[in-house]
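Heads up, the thing below is written out as C-alpha cells.
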Amino acid sequence: MISLAQMAMAAGFVLILIGFYGALTQRNLLRMIVAFSLANTGVHIVLVAVGHMRGRTAPILDAAVPVADALTRVIDPVPQALVLTAIVIGLGVTALMLAYALKLHARKHTLDIAKMTELKW
Amino acid sequence: MVDLLIYLAAALTGLALLLALYRFVKGPSTADRVIAFDVLTIIGITAIALLALLEGRGIYLDVALVYALLSFLGVIVIARYLERGL
Amino acid sequence: MTKAVSLFAVFALLLLFWVLLNGSLATDVLLVGAIAALIIAVLFRRQLAVVTEFRGTPQAFLATARYLVYLLKELVKSNLRLAGIVLSPALPLNPGIVKTRTRLNSRMGRLLLANSITLTPGTLSVELDGEWLYIHWVTVESSDIDAATASIVAGFEQHLEVMYG
Amino acid sequence: MNSMSPLILGLSVLLCVTLIGAALVAIRATRLPIAILAAGLVSLIASILFLVLAAPDVAMTEAAIGSGLTTFLFFFVLARVRGAEKDGDELAGDELAGVKHDGVGK
Amino acid sequence: MIKRAIALLLTLAVGALFASLLVGYVPDSELNHTARYYAERTAEDIGAANIVTAIIVTYRGLDTLGEVTVLFISAAIVGLVLAQGRVLNNAPNNAPRQTRAPVSELLSTGSRVLTPLILLLGVYVFVNGHLTPGGGFQGGAIVASGMLLLLLADPLKQFSHRLIAVLESLSGLLFVGIGVLGVLLAGGFLDNRLLPIGTLGELFSAGVIPVIYSLIGLKVGAEFSSMLASLSETNHTENSEET
Amino acid sequence: MESLLAPLGGVLLVAGATFLLLGGLGLVRMPDIFNRIQAGAKATTLGTLLSLAGIACLQPAWAAKLLLIGLFILFTNPLSSHVLARAAHRGGAEKSPLTAVDRLAEDQRGDQA
C-alpha cells in the first residue's frame, strides 16, 4: 500500500511542476510571483514528507508522548526545522519580489514582461 | 459506536469540503470565491480539531486557533480590496 | 466608570483570555500573562474604551445571560429553517434588503446587535448608517421599516439595551 | 487510535486532490485576485497536510505566514497596481460579477 | 506558441527527474543518526518539550540568527525601494489617500476589541514556543497580523516607524547579547543553560529558550509590521497614470 | 457519566458535520452572493461550534481551548460576513432576480439625486 509520505511527496512534486510551468509561461509579473510561491509550497511539502515515518507522531513531548518513548514514537525533527526556516525566508523573498514589481509598475505602468525591453537581447 | 460516529462526521466534513471547493472553482465572481474560501477555512478548523481527536494530541488545537484568526483577517483584507479601501 | 476601574476591567478580561488560552493556573503562567496583559491594556486603553461601555449593574448581568440563551435559541431555530430552505427542491426564496431602525447608541451594543443579526441565518446586516440598519433577508415578510424592525431587531435589542444602553 | 488510519489516509487523498485542483486554478484563473486567492487556498490545504504529516510547527508557520501574510501582501500590491492588468491578462474592473464598476470609491 | 512548447518540454523533463526520485524512495523506519541524537538528548540537555524549537533556537541557533538578519535586510530593502517611489509620487499632490472607501463602523469597533486579543494570542504563541507548536516566527506573524487589522480598520493611521525600528533593533541586540553571555557564562554561543533548565513541560523551563524566542517574536513581528506599513503607505500608481 | 459523555460527543460531532454539509450545499445552491453568504457562512459557524462541542465531550481536558476557538469564531465570523456583504453591495454585485426590495440601493440613489 502506498504510504502517506509517498502520497504527500507526489503531491508536492506535482505542485512544484505546476509552479515551474506557470513561472515559465506567464507574462504578468504578479502571476509569475504567484507561480513561484506555489512551487515554494511544493518544496516544503516534499521536505516535510521526507521526514515523515509511518505510525509516528509529532516531535513534541507531552502527556501523549513521554520522554522515554521519544526514540520510538517521534518523527524526524530536522526537516521540520529546515522547512520552518524556509517558509519564513520565503515570505521575505516574496515581499522583495512584490516590492520590485511595484517599483517597476510605477516606472513603466505595466506588469507585462514582454514590454520591458531594455535588457532584451 | 463512537468510532463509527466519528467516521460518519469525517465523511460528511469531507463532502462539505468538496461542495465548497466546487463553488470556489466555479465562481462566478471574486466575492463568491471569497465566501467559498471562508467556508473552506472554517471546514479546515473542524478538520484540524478532528485530526487532533484522532491522533490524541491536544496541542494541534493551537493551529486551529490561528486558523480562526486567519479566516477573519483574510476575508476582511479581500473585502477591503474589493471595495477599494486597501 | 473612572479610568483606573476601566483599565482594570480590560486587564482582567485579557488575563481571563490568557488563562483560557493556557488552560493552567500555575504561578509562572499567571505572572507572564499579567505582564503581557498589563502592557497591552495600557497600550490600547483608548481603543478598548468600547469594551467598558458595559454597564456593571446586576440587571445588566442578568440581561447578558438572557441574551446568550436567546441568541443560542435563535441560532439553532433559524439554522433549522434555513436547512429546510436549502434542502427543499424548489428553493423557496424571497430575498431582499430591508431597512430597520435601532435605538442603541453605544458602539459595542450596535456591534453586538449587528453580529447577532448576522449570526442568525436568514438575516445579514449589510450596512449600518447612523440609526439605520440595512438587513438582507432571505424570506422578506414585510418591507415596512417598523414591521421589519419588530421582527428582526427587537428581540435582541431589548436585552442589549439593558446591557449597553 | 490505530483503527483510524484508513480515515487519515482518505483525508490525505482528499487533501492532495484539493491541493492540486487549487494549484491549477491559481495558474489558469483569468483574473489575478482569483489566482492569488487560489494560491492562498493551496497554502491553507498544505498546512492541513503538514498537520497530517505530524508537523504541527510547520503547519502553524504555513498558516500564519504562507496562507496569511503572503496573501495579504499580494492584495496590498494588487490594490496599488489596479488598472494596469490589461497587459498579459484580462483583469477587467468588474471583480464583482455582472455590473461594471462605475467608480465606487474612486 | 513555441515558447509554450519549450516550457512544457522542460516541465516534463523535470517531472521525469522527480518521478525517478519518487519511485526510488523508500521511507525510513528508524530515525537516522542526527535525529536520534536530538530525540534522545533534547529533554535532558535542553529541557524543551518541542524538539523542533530546541533545534532552531539552540542546536542551530546561529542559523536562526542569520535568518533573522536576512529577514531584517529584506524588510529594510522593501522599505527603501518603496520609500523612493513615495518621494517621486508625492511631489505633485498627495490626494489619493483620501479617496479610499470609508471603513464600516462595525469593523472599526470590532477591530478595537480584537486587536488586543490577537496580540495576546501572538504573545502566547511565542512565549510557549518550547512547549507548543508555536514559536517566535509564528508569534511574530500573528503580532504583525494584529497590526494589519489596525491598519485595515483605520487606513489613515500612520505607524510610528521609529518605534518599530527601536523595538526591532533592541530585541536584535538583546538576542545577540544573550548569545555572547552564553559564551561567557555557559558552554558556548547561544547556550541555553544561562538559566536553570527546570522541569520539562513548565513555562519557566528550557533555560533561556523562552526569552530568546520572545525576542525573536518581537523582532520578526516588528519586521513584518514595517513591511506592511511601508506597503500600505505607498501611493496607488493608478492615480498618477491619470494625472 | 463517562459512558454517557462519549456517545453525546459523537452525536454532536455528526450533527455539526451535517450542518457543515448543509452550509456547503447552500453555498452551491443559492442564487446570488448575499444568499450564499447567508447559507455558507452561518450554517458552517453552527456546524463548527457543534463539532467543537462534540470534541469537548470526547476529550474534556481540551474544553478551555475549544471554548476559546468557539468564541473567536462566534465573534469574528459575523463581522467578516458583514464586511464582505457590504463590499459586495458597494461594488454593485449582481442580485438574484427574485430579490423583492433593496432599500439600501434606493436610499443611496436618493442621496445622490
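The values are calculated or read from the model by the stated rules, or taken from the named source; none is laboratory data. As the structure is a computational prediction, the values presented were derived from the model and not from experiment. Note: ideal-geometry Cβ built from the backbone for every residue, glycine included; neighbour counts use all protein chains shown. Ligands, DNA and RNA are stripped out before the accessible areas are found, and what is left, the full protein with its side chains, is counted by its heavy atoms. Shrake-Rupley method; radii C 1.70, N 1.55, O 1.52, S 1.80 Å.
A few remarks follow.
- Some residue of the stretch C:122-134 being farther than 24 Å from E:Ala101 by Cα and either hydroxyl-bearing (Ser, Thr, Tyr) or touching a helix residue (DSSP H, G or I) at 6+ places or on another chain (Cβ under 7 Å) (or both): yes
- Taking helices (runs of 4 or more DSSP H) as the structural unit, those lying wholly within the stretch C:53-165 and holding at least 2 residues that are in contact with a Pro (Cβ under 6 Å, 6 or more places away or on another chain) and either open to solvent by less than 60 Å² (accessible area, probe 1.4 Å) or at pLDDT 80 or above (or both) correspond to C:58-87, C:107-119.
- The lone criterion from (1) open to solvent by 20 Å² or more (accessible area, probe 1.4 Å); (2) within 22 Å of the chain's Cα centre (by Cα); (3) within 10 Å of chain D (Cβ to nearest Cβ); (4) over 29 Å from D:Ala35 (Cα atoms) left unmet by A:Pro59 is number (1).
- Conditions (1) over 22 Å from C:Ala34 (Cβ atoms); (2) within 7 Å of another protein chain (Cβ to nearest Cβ); number of the one not met by E:Leu117: (1)
- A:Thr72 being over 18 Å from the mean Cα position of the chain (by Cα) and assigned to a loop (DSSP other than H, G, I, E, B): no
Residue-wise test of (1) among the β-branched types (Val, Ile, Thr); (2) free of Cβ contacts under 8 Å to residues at least 40 places away in the same chain; (3) more than 7 Å from chain E (Cβ to nearest Cβ).
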residue: A:Ala68; (1), (2), (3): no, yes, yes
residue: A:Leu71; (1), (2), (3): no, yes, no
residue: A:Pro79; (1), (2), (3): no, yes, yes
residue: A:Thr85; (1), (2), (3): yes, yes, no
residue: A:Lys103; (1), (2), (3): no, yes, no
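- Against the criterion of being modelled with pLDDT under 90, in contact with a Ser or Thr (Cβ under 9 Å, 6 or more places away or on another chain) and open to solvent by 60 Å² or more (accessible area, probe 1.4 Å), A:Arg73 qualifies.
- Taking the criterion of being under 23 Å from E:Gly110 (Cβ atoms) and surrounded by fewer than 21 Cβ atoms within 10 Å (Cβ to Cβ), the only residue of the stretch F:19-67 that qualifies is F:Leu67.
- Scanning the stretch E:53-83 for residues that are more than 16 Å from the chain's Cα centre (by Cα) and open to solvent by less than 10 Å² (accessible area, probe 1.4 Å) yields E:Ala54, E:Ile55, E:Leu82.
- Residue check, B:Ile35 under 18 Å from F:Ala43 (Cβ atoms) and not polar (S, T, N, Q): yes
- Being closer than 16 Å to B:Leu69 by Cα, more than 9 Å from chain B (Cβ to nearest Cβ) and open to solvent by 20 Å² or more (accessible area, probe 1.4 Å) is a property that does not hold for F:Leu4.
- Of the helices (runs of 4 or more DSSP H) lying entirely inside the stretch D:1-69, the ones with 2 or more residues being of a type outside the set (Asp, Glu) and open to solvent by 10 Å² or more (accessible area, probe 1.4 Å) are found at D:5-28.
- Residue that is nearest to A:Ala114 (Cα to Cα) [pool: residues in the stretch A:8-31 that are within 7 Å of chain D (Cβ to nearest Cβ), open to solvent by 10 Å² or more (accessible area, probe 1.4 Å) and in contact (Cβ under 8 Å) with a residue 24 or more places away in the chain]: A:Arg27
- Taking the listed residues B:Leu70, B:Leu4, B:Leu54, the one that is surrounded by fewer than 24 Cβ atoms within 10 Å (Cβ to Cβ) and touching a residue at least 24 places away in the same chain (Cβ under 8 Å) is B:Leu54, with no other qualifying.
- D:Ile34 meets the conditions (1) facing another protein chain (nearest Cβ under 7 Å); (2) under 18 Å from A:Gly42 (Cβ atoms); (3) of a type outside the set (Lys, Arg); (4) without any contact (Cβ under 8 Å) to a residue 24 or more places away in the chain in every case but one. The failed one is (2).
- Within the stretch E:129-148, being over 18 Å from B:Leu61 (Cα atoms) and assigned to a loop (DSSP other than H, G, I, E, B) holds for no residue.
- Looking only at residues in the stretch E:53-73 that are at the interface with chain A (Cβ under 9 Å from one of its Cβ atoms) and free of Cβ contacts under 8 Å to residues at least 40 places away in the same chain, the one that is farthest from E:Leu195 (Cα to Cα) is E:Ile73.
- Considering the stretch C:63-110, the residues that are over 17 Å from F:Ala41 (Cα atoms) and without any contact (Cβ under 8 Å) to a residue 12 or more places away in the chain include one that is nearest to the other protein chains (Cβ to nearest Cβ), namely C:Leu91.
- Checking every residue in the stretch F:59-67 against the condition of being under 18 Å from B:Ile45 (Cα atoms), within 12 Å of the chain's Cα centre (by Cα), at the interface with chain B (Cβ under 7 Å from one of its Cβ atoms) and of a type outside the set (A, V, I, L, M) gives zero matches.
- Counting only helices (runs of 4 or more DSSP H) that sit completely within the stretch E:153-243, those holding 3 or more residues that are within 14 Å of chain D (Cβ to nearest Cβ) and at pLDDT below 75 correspond to E:237-242.
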